[in-house]
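Scroll down for the structure; my scribbles are underneath it.
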Amino acid sequence: MDGKSKRHYQLSPDLTMCRIVNGMWQVAGGHGQINPELAIKDMLRYHDAGFTSWDLADIYGPAEDFIGQFRHKLSALKGKEELDRVQALTKWVPQPGSITPSFVNESVERSLRRMSVNSLDLLQFHWWDYTNPYYMDALKYLSDLQDRGIIKHMGLTNFDTERMQIMIDSGIQIISNQVQYSIIDRRPEVKMAPFCLKHNISLLAYGSICGGLLSERYLGRIQEPSPAELDTLSLRKYKRMIDAWGGWNLYQELLSSLNQIAQKHNVSIANVATRYILDRPAVAAVIIGVRLGIVDHINNNEQVFNLSLDKSDCDAINSVCARSNNLFEVIGDCGDEYR
Ligand SMILES: NC(=O)c1ccc[n+]([C@@H]2O[C@H](COP(=O)([O-])OP(=O)(O)OC[C@H]3O[C@@H](n4cnc5c(N)ncnc54)[C@H](OP(=O)(O)O)[C@@H]3O)[C@@H](O)[C@H]2O)c1
């Protein structure tokens, strides 16, 4: 067994997750006003629909608190056992500076308290500045917490292949790296995915539907959307990526090609974009941002699990992308956009 089913992925023997993860950056501000009560109600709906995995971070506003409140509510409604079906994958994103064991302990304890858990399913570590070498100290202290069972698994986010090699050489055990990965941004294919396959590390992909830009909403739009229309941080972030990739005209060609594939399979453009990334080597899951209490795409995204892309679909996508700029050359390896 390769650890994959249609809906689930076994990230490690004791951690099975949904291959579409609910992304919680969208509750952190810049994506519309979030009403906490409606947000928790929506979290229960996602869970009931089988979307049981959550991606969050200590720096995503109230996201960790929402997980805590959601867990209390879920337990009250369905019993404690139901909590075993939830996977909450948080991140630790410290400010650059020196790192001490007590600082690491306090940071992790804060997340445990906020999320109302005794241990973290997966802690994904982010580091802003490679010229500051303390990230290896941080990983060492996190490993100590893992030895004590406080962190079940260690993952990374936005680390490049070079730094991951250093970690592997130092004996640090990592099971995942969360990176931007979409039909537009294929940088992980160059070095990261082959490295991950070799070392049994999984990729968690974000930005795979470009904040919603990879959807019917922008199909056939000759005029580029104005900055005012791009009303979430996510849309603005990925519009910049499209500009670097090849611009709006080529993007429209891609959307048109994706639309033909979507119609052939009776699904949406977002479904095709998600499936394409889920099928890439080393990819465990795609994280799709959720604007809790505002809008949901639960039913539509469910269709991803029944969609199979054939060779002609992939060829059509690849032939448009062959005319784009190479983002690995323009930006660099995974995560270099943050440095
Ligand atoms: N590690 C990092 O540095 C990092 C960076 C960015 C994101 N992330 C993670 O990845 C998550 C994903 O966020 P993202 O910014 O990359 O956004 P994304 O997942 O590419 O886009 C999310 C948006 O796509 C739209 N959408 C979702 N399903 C759709 C469907 N079936 N059809 C049409 N539109 C659909 C929704 O827009 P509407 O709500 O407008 O309908 C949703 O808000 C974040 O929440 C976070 O957990 C991590």
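The values are calculated or read from the model by the stated rules, or taken from the named source; none is laboratory data. This structure is a prediction, so every number in the text was calculated from the model and none was measured. So basically every Cβ, Gly included, is an ideal-geometry build from the backbone, and we count neighbours across all protein chains shown. Surface areas here come from the heavy atoms of the whole protein model, side chains and all, with no ligands, DNA or RNA. Shrake-Rupley method; radii C 1.70, N 1.55, O 1.52, S 1.80 Å.
So the values come out like this:
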{"item": "For the chain, size of Cβ-based charge dipole, Lys and Arg +1, Asp and Glu -1, in debye", "result": "480 debye"}
{"item": "Ranked packing of 73-80, 135-142, most packed first, by mean Cβ within 10 Å", "result": "135-142, 73-80"}
{"item": "Of the DSSP H helices in the chain, those whose Cα atoms cover at least 20 Å axially and whose Kyte score averages -1.0 or more", "result": "63-78, 101-115, 248-265"}
{"item": "Per DSSP, loop trypsin sites (Lys or Arg not before Pro) in the range 1-68 with at most 14 further Cβ within 10 Å", "result": "6"}
{"item": "D (Stokes-Einstein, µm²/s), Kirkwood Cα radius, the range 268-315, 1.306 mPa s at 10 °C", "result": "134 µm²/s"}
{"item": "Carbon + sulfur, % of accessible area of the chain - ligands and nucleic acids excluded, 1.4 Å", "result": "49 percent"}
{"item": "Candidate lysines for bridging to residue 198, where Cα separation is under 19 Å - those fewer than 8 sequence places away on the same chain excluded", "result": "4"}
{"item": "Interatomic Cα distance distribution for the range 161-260, bins of 10 angstrom, percent", "result": "14, 40, 24, 17, 6, 0"}
{"item": "Kirkwood estimate for the chain, i.e. one over the average of 1/r between Cα atoms, Å", "result": "20.5 Å"}
{"item": "Ratio Rg/Rh [Cα only; Rh per Kirkwood] for the range 1-90", "result": "0.98"}
{"item": "Per residue value of the accessible surface for the range 1-151 (all protein chains in place, 1.4 Å probe), Å²", "result": "45 Å²"}
{"item": "Equivalent ellipsoid semi-axes - Cα gyration tensor, the range 211-283, angstrom", "result": "21, 15, 11"}
{"item": "Value of D in µm² per second that Stokes-Einstein yields for the range 70-218, Kirkwood Rh from Cα pairs, at 20 °C (1.002 mPa s)", "result": "127 µm²/s"}
{"item": "Accessible area per residue, Å², the range 185-228 with all protein chains present, probe 1.4 Å", "result": "46 Å²"}
{"item": "Separation between Cα centres of the range 1-71 and the range 234-275, rounded to whole Å", "result": "24 Å"}
{"item": "Cα-derived Rg over Rh, computed across the range 227-339 with Rh taken as Kirkwood radius", "result": "0.96"}
{"item": "Protection proxy ranking, peptides 105-112, 210-217, 234-241, average beta carbon neighbours within 10 Å, highest first", "result": "210-217, 234-241, 105-112"}
